Amino acid sequence: MKIAYGSNIRFPWCTESEVTKTLRRMGHEVVSIQEDEGTSEQLMVAARTSDMLLWTRTWNRLVKHEHLAELRALGIPTVALHECTP
């Protein structure tokens, strides 16, 4: 499965880095977009050619309501992972 993933993967100890590594070990192709460097359009280009959009909601920057609506119309599932860091 090809997964577009908007998240923070800057540091290897980040939860999102571990999620990415795990998905890859499971055989999935993960296209990662760093949340504070990538753009919404970069993420959407990846998502439109993926089987799923996964995003970690840490900033309200990459994924917007209209993106979710577009992917829904294309039949591409979207999955949000909310990270709660104490």
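Please treat every number below as a calculation from the coordinates, not as lab data. It should be emphasised that the depicted structure is a prediction, and the values quoted were computed from it without experimental measurement. No Cβ is skipped: glycine too gets one built from the backbone with ideal geometry, and neighbour counts run over all protein chains shown.
Neighbours of residue 83 by Cβ distance under 9 Å: Lys/Arg scored +1, Asp/Glu scored -1, total 0.
What percentage of all Cα-Cα pairs in the chain are separated by more than 17 Å? Taking all Cα-Cα pairs of the chain, the fraction more than 17 Å apart is 41 percent.
For the chain, the relative contact order works out to 33 percent when only alpha carbon pairs closer than 8 Å and six or more residues apart are counted.
Extending 7 Å from Cα along the Cβ direction at residue 21 and again at residue 52 yields two label points whose distance is 2.0 nm. Here the gap between residue 28 and residue 72, fully extended at 0.36 nm per residue and compared with their Cα-Cα distance, gives a gain of 13.7 nm. Taking the Cα of residue 80, stepping 7 Å toward and past its beta carbon, and measuring to each backbone N in the range 10-32: which are under 20 Å? The answer is 15-17, 19-20, whose backbone nitrogens lie closer than 20 Å to the label point. Estimated from the Cβ-Cβ distance and a Förster radius of 22 angstrom, the FRET efficiency linking residue 40 and residue 1 is about 0.45.
Positive contributions from Lys and Arg (+1) and negative ones from Asp and Glu (-1), summed over other residues with Cβ under 13 Å from the Cβ of residue 31, come out at +1.
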